[in-house]
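The block underneath contains the structure these notes are about, expressed in structure tokens.
The values are calculated or read from the model by the stated rules, or taken from the named source; none is laboratory data. In this text, all values refer to a predicted model and were calculated from it rather than measured experimentally. Here the Cβ is made from the backbone with ideal geometry for all residues, glycine too, and neighbour counts use every protein chain on show. Remember, those area values only see protein heavy atoms, side chains included, never the ligands or the DNA or RNA. Shrake-Rupley method; radii C 1.70, N 1.55, O 1.52, S 1.80 Å.
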Amino acid sequence: MDTHSNAFCDQGRPAKEGGREMSDHATDPATETFVAHRNLLFTVAYEMLGSAADAEDVLQETWLRWVKVDVRQVSDHRAYLVRITTRQSLNRLRTMRRRKEAYVGPWLPEPLRTAPDVAEDVELAESLSMALMLVLETLSPTERAVFVLHEAFDVGYDEIAAAVGKSPAAVRQIAYRARRHVDARHPREVVSPSQARAAVESFRRALETRDLQGLLDVLAPEVVLIGDGGGLKHAALRPVIGAEKVARFAVGGLGRVEGAITVDPTVINGNPALVVRLNGEVGGVLAVHVEDARITGLYFVSNPEKLTRVDSETPLTLR
């Protein structure tokens, strides 16, 4: 294995090589370039995969290939690294599909706690939203790669074509088809961060006080609640649809829990959300989708394997 192979396996923190910190290699152009673009590459991989653990594996594979490249022969380092990351993500997507087929109950993307200012970046927050990422699950791997690269990261068709192994003309068609598919399932509607926060806060207050009418006031009539316990924690095995059913399910669920429950505001995937703690320990994350000041989507992740990035911020970027 390459001596650099574990250099970036843990959120960019350098590992040791021969008793020295890998940061000693800061003058190495390949290392400097990778570090400079690492947050971008992680964001690309995460938006394609919906899993931070798999995104980290993709970055490891990207690094192993990057250190074998003569960087002096590469005119655009960012584009080249995005291309490698995309190819590795596509490979990983195909293997993940088999895992998801055996998954117990609905599968939701792994929630990432992000800095509060990410919510102010409307473009980034939208591309990371749980609602959109769930729609991306319905695309084919190639459609998802094309959509993510073009719509979120503004990568040109020629560069996408090189990354996915298609002609630019074919990529244009794929992008058009993917955009229509996503628009049909996730209409674009800009909701200000303050509106979203207000809706989430209203929901939180009503939930804490078990105020059924308060929940009904903030939930849209057609609201959908999706739970992901992964077979490790209790969760609804099918979506709960409709304001009254969702409100009663939420209140009833809290009533059955033994112990001290707190529900605190946080920022997940660049959007206002809630973290539920039981006796001080993270028990789940509730991501929220808001339209017209009312909540239309609730995404509750309680699978403990997906809650490892709730207490610390994950840096994400589109540039």
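Using bins of 10 Å that start at zero, the share of Cα-Cα pairs per bin across region 206-256 amounts to 27, 52, 20, 1, in whole %.
Leaving ligands and nucleic acids out of the surface, order 80, 176, 299 by accessible area at 1.4 Å, largest first. Write out the running numbers ahead of the final one.
Values: 80 70, 176 135, 299 25 Å².
My answer, sorted largest first, is 176, 80, 299.
Cross-link partners of residue 166 among aspartates and glutamates, defined as those whose alpha carbon lies under 12 angstrom from its own and excluding same-chain residues fewer than eight positions apart: 143, 158. The structure shown yields semi-axes √(5λ) of the Cα gyration tensor in Å, and of the options (1) 33, 24, 17; (2) 36, 23, 17; (3) 29, 26, 20 that calculated value carries the label (2).
Electrostatic bookkeeping for residue 101 treats Lys and Arg as +1 and Asp and Glu as -1; over the other residues with beta carbon under 14 Å from its beta carbon, the sum is +4.
Which of the three applies to region 245-300, rounded, prolate or oblate, going by the alpha-carbon gyration tensor with a ≥ b ≥ c and a/c under 1.5 meaning rounded? Oblate, since a/c reaches 1.5 and b/c is not below a/b. Taking all protein chains as they are arranged and a probe of 1.4 Å, the heavy atoms of residue 101 leave approximately 150 Å² accessible to solvent. Within region 133-171, whose backbone N sits under 20 Å from a point 7 Å along Cα→Cβ of residue 241? Backbone N within reach: 133-139.
In the context of the full protein assembly, residue 142 retains an accessible surface of approximately 30 Å², using a probe radius of 1.4 Å and ignoring ligands and nucleic acids. Within a straight-line Cα-Cα reach of under 22 Å, residue 68 can be paired with the following lysines, leaving aside sequence neighbours fewer than 8 residues apart in one chain: 16.
Once both axes come from the Cα atoms, what is the angle between helix 168-185 and the longest principal axis of the chain, in degrees from 0 to 90, rounded to 10? So the helix axis and the longest Cα principal axis differ by about 10 degrees. Each principal axis of the Cα cloud of region 38-183 was evaluated for its coordinate range; sorted largest first, these ranges are 47, 36, 31 Å.
Please give the contour-minus-distance gain from residue 308 to residue 137: 0.36 nm per residue of separation, less the Cα-Cα distance, rounded to one decimal in nm.
Residue separation times 0.36 nm, minus the Cα-Cα distance, leaves 59.4 nm.
Ligands, DNA and RNA aside, residue 194 has an accessible area near 70 Å² when probed at 1.4 Å. Rounded to the nearest Hz, the phi-derived 3J(HN,Hα) couplings of region 273-288 under the Karplus curve 6.51 cos²θ - 1.76 cosθ + 1.60 (θ = phi - 60°) are 7, 10, 10, 9, 10, 10, 6, x, 9, 4, x, x, 10, 10, 8, 10, where x marks glycine and proline. Sorting 63-72, 148-157 by their mean Cβ neighbour count within 10 Å, with the most densely packed peptide first, gives 148-157, 63-72.
Averaging Cα coordinates gives a centre for region 286-319 and one for region 25-82; these two points are 25 Å apart. Identify all lysines with a Cα-Cα distance to residue 245 below 21 Å; exclude those on the same chain that are fewer than 8 residues away in sequence. Partners within reach: 233. For the chain, the mean residue ellipticity at 222 nm estimated from helices alone is -14500 deg cm²/dmol, where every DSSP H run of n ≥ 4 contributes -39500 (n - 2.57) and the total is divided by all residues, rounded to the nearest 500.
Cβ-Cβ distance of residue 293 and residue 254, R₀ of 30 Å, FRET efficiency by 1/(1 + (r/R0)^6): the value works out to about 0.80. Among 306, 100, 233, the largest mean-square fluctuation in a Gaussian network model of the chain, built with springs joining Cα atoms closer than 10 Å, belongs to 100.
Please compute the net charge surrounding residue 34, taking Lys and Arg as +1 and Asp and Glu as -1 over other residues with Cβ under 12 Å from its Cβ. It would help to have the intermediate numbers written out before the result.
Values: positive: 38, 65, 78; negative: 28, 32.
So the environment of residue 34 carries a net charge of +1.
Computed extension length for residue 102-residue 70: 7.4 nm, one decimal, from 0.36 nm per residue of separation with the Cα-Cα distance subtracted.
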